[in-house]
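Report on the structure given below.
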Amino acid sequence: MLTDITLGQYFPGNSPIHNMDARVKIVLLFIYIVAVFLFDNHINYGIMTAGAIGVVLLSGLPLGMILKSIKPLWWIILFSFGIHLFSTPGEPIFKLWNFVMTKEGIIQGFIISLRLVLMIAISSLLMFTTSPLKLTDALESLMSPLKKIGFPAHELAMMMTIAMRFIPTLLEETDKIIKAQQSRGSDIGDGNFFQRAKGMIPVLVPLFISAFRRADELAIAMEARCYQGGVDRTRMKQQRLHNVDFWAGGIFGVFLISLILVQFTL
Amino acid sequence: MSIELKNISYTYMPKTPFEHLALDDISITVPEGKITAIAGHTGSGKSTLIQHFNGLLKPSKGTILVDGVDIGKKNTEAKAARRKVGIVFQYPEYQLFEETISKDISFGPMNIGCSEAETLERVKQAMAFVNLDYDKYAHRSPFQLSGGQKRRAAIAGILALQPKYLVLDEPTAGLDPKGREALMEKFRRLHRERGTTIVLISHNMDNIASYADNVIILNKGKVTMEAPPEEVFSQKELISQAGLELPEVKTIMNELAQNGLEIQNNAYTMDKAVEEIIEALRRKGKC
Amino acid sequence: MSFIECVDLTHIYNAGMENEMLAVENVNIKIEEGEFVAILGTNGSGKSTLAKHFNGLLLPSSGKCLVDGMDTKDEEHTYDIRRQIGMVFQNPDNQIIAAIVEDDVGFGPENIGLDPHEIRRNVTAALRAVDMEEYRHFSPHHLSGGQKQRVAIAGALAMNTKCLVLDEPTAMLDPRGRHEVMDTVSRLNKERGITTVYITHFMEEAAMADRIFVMDQKHLVASGTPREIFRDIGAMKKRGLAVPMAAEMAYRLQQKGLRITESIINTEDLVRAICQ
């Protein structure tokens, strides 16, 4: 079922990871992802994986849930694994027609897959442990220096807030429409590509109409609640750094330094 | 013949933190030629339940027989049995998608392989039934219709499938009083004139009281009652436990009885109630 | 001076265009502070259009609408008016903006630039007023329809609204949800003196009001207390409306020759009339 998708869902909790300031989380996530792609020492891969597992454990979320979030992107991981498998020059171990599989290819493919998995896992952890509003507030605040050059930071953040609020609603709606049209004898998801694409029309048309109607009603509701863009707007939840953020920063600093030491000394 | 559910259980999102047993060992029968009402408050599992009637959802446990055929099988017989059941979902007007009303109503018949002539005939019949004049409306866009007309056009889309069993999920939600009454009368006619079996899902107990032969009460995924209306409405406690209310007429009758009016039996429709009261007052010599 | 006052209010959608449509014509209405009024009318009678004038979401094509003495056409006052008049719409899903209850209730106060402490205080008080405090960290997606509508009401209260305009707030709810909303609205009206304008298709809900306005074919055709309005069953039916069940029953009994002299709008009235 469509509503089984966990992407973009927040699971409230009270772990140190939940309690961190979203801005800190985003910045650390960003540095972590850069590190994952920068450091190529094998010991470092171990440290980074251990770090990721540690953070997941600390968040109190089941490891299985993180793995589930990787599932939709599984084929991308396999695809890039396959490409590296056959396209890396080195010691051949297997040959099929024109394709040569090398030992280096296996290692390279494995490393790339690991990088992708780490990146997705940590990013979904951010989504799972941060309320959408905090996340968008944080993005708005991190992007706010760009407002000076006319970048619509507030509008963008508001759009993201609303999009996230409506993801579950629209998924549910899609599910309902599919079922209604199936009840009228349509075989959605059967046949070849063109038949399938045509089969989606009875779902997409009502879905778009409904999304527009919702958008319209939502705009009226927002207007009725005095919304006037980002002008003179205040915030109930002010972003303030707490002890947990300094601890997180400190621990992350140690983590980063050890990565650098390993990278350049071993 | 009938729709028969045997020991149906259904679990939503199994093996996730949201795992939830929506239906718990449900065994009910929807007899042919009757109007059966299913009542329960939101979250009682009634929407999940009706999606089992035509195989949209497959039960985690149990079997569903439509006219004796197990619809969970993968053969053509099972497919034909599933097609005997038509479902009108809540707010069906949100499923309209074609450029014209007649095309939209044709969608169902074409899908099940009716010829063009047959489809046209069915479209005309269905439109006549819901009071949408074919010549006037057939080639208009469904999106130009008023709210009530859209609802009727969408219902025509299901009626064109000519289902033997018609499942209606809150068919009058959001309509004004006149619209509600007119629509319910249409379904009553369909039942009388064509013998269509109707399953009415509703939390409007007054509607159920005036139309249903049989009432099933769902609460937290379980059937708490399955009986004729007079029996169901005599169980005030069970009804309020299920988050529902007695029909207004029945409440008034209960109040009158408590205040000393000697009422004979258990009227729950307006006509019966009025007769009862006059009768009781006559006995008292007040009338 | 009335709290809300419409003078010869007419509204035409898409005026001057091909798809021009007259929605409300020459409506004169006065709603006093602290009053609870219901507006009845079939779909398309113009009641929602009228309601959208009360906080300046729509502006009159001719005539005017005054709120607390301020003309809704006066742009200077738009936000003062919207602060005072909170709106609750039919579809609970399409008016909740944030993915967490308390964030949503805080949306209005944030828009009018209250300071964070005050917002927090208002949000807590508003959630308490609609009895939803324990759900403040919930996602709206996991609430029932009645709970969502109470969150929407809290969203208005958090702006210190003086008046609630509710446009068919119970149309999509089950009996339990309807009771939650009705009880909340009538309590806020009685205990806090919140002026209430309640649009509905359910006659039992309208019977709670101090006064009822009836709209038919874009016009305001009747106004009066529930007793006055529901007395004339013939007129209500002619307008595609109904009367509360008890009133209908009294009417049928009268037709069968029973003498009922009192006007009847609820079960207690009927019991009193029959069992006296």
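Values quoted throughout were computed directly from the atomic coordinates according to the rules given, and no laboratory measurement underlies them. It should be emphasised that the depicted structure is a prediction, and the values quoted were computed from it without experimental measurement. Glycine gets a Cβ as well: all are built from the backbone with ideal geometry, and neighbour counts include every protein chain shown.
The table below lists the values:
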read-out: Value of relative contact order over the range C:4-243, rounded to a whole percent, pairs C-alpha under 8 Å and six or more apart; value: 26
read-out: Proxy reagent accessibility, fewest Cβ within 10 Å first, across B:Phe143, A:Phe99, B:Phe129, A:Phe193; value: A:Phe193, A:Phe99, B:Phe143, B:Phe129
read-out: Order of C:Arg211, A:Arg240, C:Arg121, B:Arg152 under a 10 Å beta carbon neighbour criterion, fewest first; value: A:Arg240, C:Arg121, C:Arg211, B:Arg152
read-out: Chain B: antiparallel DSSP beta bridges as a percent of all, rounded to 5; value: 55
read-out: Other-chain or far-sequence residues with amide H under 5 Å of C:Val165's (modelled H); value: C:Gly86, C:Met87, C:Val88, C:Val197
read-out: Cα pair count fraction exceeding 28 Å, expressed as % - chain C; value: 40
read-out: Alpha carbon convex hull of the protein assembly as shown, volume per residue in cubic angstrom; value: 208
read-out: Gyration tensor (alpha-carbon) shape descriptor, the range C:130-210, a/c threshold 1.5; value: oblate
read-out: Farthest toward positive dipole pole in the protein assembly as shown [+1 Lys/Arg, -1 Asp/Glu at C-beta], among B:Ala78, B:Gln162, A:Ile93; value: A:Ile93
read-out: Under Karplus coefficients 6.51, -1.76 and 1.60, residue-wise ³J(HN,Hα) of the range A:231-236 in Hz, glycine/proline x; value: 5, 6, 8, 10, 10, 5
read-out: Shape category assigned to the range C:165-256 from the gyration tensor of Cα positions, a/c cut at 1.5; value: prolate
read-out: Cα shape, chain A, gyration tensor, a/c 1.5 rule; value: oblate
read-out: Over chain B, relative contact order from alpha-carbon pairs under 8 Å, at least 6 apart, %; value: 21
read-out: In sequence order, calculated HN-Hα J values of the range A:45-51 (Karplus, 6.51, -1.76, 1.60; Hz; x Gly/Pro); value: 4, x, 4, 5, 5, 4, x
read-out: DSSP beta bridge pairing in the protein assembly as shown, given as percent antiparallel to the nearest 5; value: 55
read-out: Among beta bridges that DSSP assigns inside the range C:4-243, antiparallel share in %, nearest 5; value: 55
read-out: Cross-link partners of C:Lys162 among lysines (Cα-Cα below 18 Å; sequence separation of 8 or more within a chain); value: C:Lys30, C:Lys52, C:Lys190
read-out: For the range C:107-122, 3J(HN,Hα) per residue [Karplus equation, 6.51 cos²θ - 1.76 cosθ + 1.60, θ = phi - 60°, Hz, x = Gly/Pro]; value: 4, x, x, 5, 5, 8, x, 5, 7, x, 5, 5, 4, 4, 4, 4
read-out: The range C:162-265: relative contact order in percent, alpha carbon pairs under 8 Å with at least 6 residues between; value: 21
read-out: Degrees between helix B:248-258 axis and first principal axis of chain B (Cα, 0 to 90, nearest 10); value: 10
read-out: Which of A:Leu61, A:Leu142 has the fewest Cβ neighbours within 10 Å, and the rest in rising order; value: A:Leu142, A:Leu61
read-out: Spatially proximal lysines relative to B:Lys58 (Cα-Cα < 22 Å; intrachain offsets below 8 disregarded); value: A:Lys176, A:Lys179, B:Lys6, B:Lys15, B:Lys46, B:Lys73, B:Lys74, B:Lys79, B:Lys84, B:Lys164, B:Lys220, B:Lys222
